[in-house]
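One structure is given here, and the rest of the page talks about it.
The values are calculated or read from the model by the stated rules, or taken from the named source; none is laboratory data. On a predicted model such as this, the values are computed, not experimentally measured, just so you know. We place every Cβ from the backbone using ideal geometry, glycine too, and count neighbours over all the protein chains shown. Heads up: the accessible areas ignore ligands, DNA and RNA and are worked out on the full protein's heavy atoms, side chains in. Shrake-Rupley method; radii C 1.70, N 1.55, O 1.52, S 1.80 Å.
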Amino acid sequence: MFVIKKISVFIFTVFVLFLSVTVTHKDVHGDNGHGVLYTLSLQGSINPGSADFFDRAVSLAIADSAHAVLVELDTPGGLVTSLRQMVRRIMASSVPVIVYVAPRGAQAASAGALLTLASHVAAMSPGTEIGAAHPVGLGGGESEKGGVMSQKAVNDLAAFARSLAEERGRSPVWAEKAVRESIASTPNEAFEAGVIDVVADDRTTLFKALEGRVVQTADRSVTLSLVSAELRELSPTFQEQVLMKLADPNLAYIFIMVGLVGLYFELANPGAIFPGVAGAISLLLGLFALQALPVNIVGLLLLALSVIFLGLEVFVTSGGVLAISGLISLLVGSLMLFNTPETGVSLSLFVFLPVFIGVSIITLTIVWLVARSAMGAPLSGSEQLSGTEGRVVRAIGPGVTGKVFVHGELWDAESAESLPENAPVTVSGLKGMVLQVISKKESV
C-alpha cells in the first residue's frame, strides 16, 4: 500500500511538471492570449532620430517580454542607412513587429514601403498608399541620371526590396517595381498584390483581423492575441525628438548657410556681435545635424574652402576673384554635400536655390561694402581733414593761435598769415591737435 502511494505521488509530480513545462512552452510561443502590446507612431522622414526611437521601442519590448510592437507609420521616406538599421532590428527581433500605415491619408513611401515589407505583419488603413521607392536626387529627380552611381543605387535597393519581400512571403515583383518604376498602390491593390496582410479601418479592426495569426520571428513562432493585450504607448525622448527634427538635410543646409553668413558678416564688421553669435549657434546646430547624416567629406571641405576665400576677400584686394571663387566653391560644395546615390539623402531644389541665391547676394553685398569702404576717403586723421574748407571763428596771426570751424567742429588753428574772423580758410595739414590753415583765396 505504501509503495502504491509512493508511485501515485511520483506520477502526480511528473504530471504537474509536464503541465508546467507545457504551459511555459505555450507562453514562450505567445499562446497565453494575454500580454503587453507596445505602440509607437513614426511620422515624418526616416532618419537617425526615428531609427533610435524605433530601436529603443523594440529593445524595451524584448526586455519586458512584450507580446508585440505596433508601429503606426506615416512617412514620405528618408535615409537608406537609417532604414537598413531599422530593418536589421526587425530581422533580429524575437518580438513581432506590426507596421500599420495609418491614419487615413498616411503614406508609406520610399523607405517607408521597404520598412513595411520587412515587418512581420504589414497592414494599411483605407485612404493610404504605399510604394514609390525609387532613389531620388537633388530636386526629387533621379540622382545622376544614367550614371553608374545612380544605376548602382537602384540595383542595390531593388535587390534589398526583393530580399525583404521573399523573406516575408510577399510579392518580390511588386517590391522591385516599387524601386525601379516607382509604382505605388492603394491598400486594396497592395493586398491583392500580396504586399500587405490586412486592410483595417482602425486598431480594433486590426486586432480582430490578426487574432490567432501565427508569426515567425527571429527565433520562435508567435500566435498573435492582440484583442485582450494591454496597450502601452511609447513616445520619443527629448533628444530623439530634437534629432528627428534636425536630421533633415534641408534644415541642416539652412543652418550651415545661416551660420556661414553670420560669421562672415562678423569677420567683415568686427564688433557687430549679434551676427557672429547667431552665426555660431546656427553653425553648431548645422554641424549637429550633419553628424546624423551621411555627408560627403569633399563637399564639406569645399564649403570650408568657400569661407576661407570669402574671408580673404575682406583683407586682400583681389578684384573680386576670391569672392567669385568662394561662391563657386559654395555652389559645388552644396551640390556634393550629401552622398545621394549611396544613401538616399537629397537636398531639395526648392530649398537649395533660394538659400544659395540669398547667401550669394548677402555675401557679395558685404564684399562690395567692405571694398567701397577701403577705397573711400579716410574718415579721420590728417588725411581726412586735408583740403577741408572752413571759416575763422577767432582771428589768427603769425605766431598767434586762433579758432576755426571745420567739419562741424571747432579747432585750434595756426597760419603763416593774418586771418580775420569769418575769413574762409582751407586746411593744409595737422600738427598735433592744431590745424594748419591757409587763406581760401591763396589755396585757389
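Tabulated results
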| item | result |
| --- | --- |
| Set of aspartates and glutamates with alpha-carbon distance to Lys152 below 19 Å, sequence-local pairs under 8 removed | Glu142, Glu144, Glu176, Glu181, Glu342 |
| Segments 235-242, 161-168, 197-204 sorted - mean Cβ within 10 Å per residue, highest first | 161-168, 197-204, 235-242 |
| Proximal charge balance of Thr186 [Cβ under 14 Å; K/R count +1, D/E count -1] | -2 |
| Share of carbon and sulfur in the accessible heavy-atom surface of region 239-290 [1.4 Å probe, %] | 77 percent |
| Highest to lowest packing among 245-252, 321-328, scored as the average C-beta count within 10 Å | 245-252, 321-328 |
| Net charge of Cβ neighbours under 13 Å - reference Pro398; Lys, Arg +1; Asp, Glu -1 | -2 |
| By average C-beta atoms within 10 angstrom, highest first, the peptides 123-130, 112-119, 269-276 | 112-119, 123-130, 269-276 |
| Stretchable slack from Phe274 to Glu189, in nm (0.36 nm times residue separation minus alpha-carbon distance) | 25.0 nm |
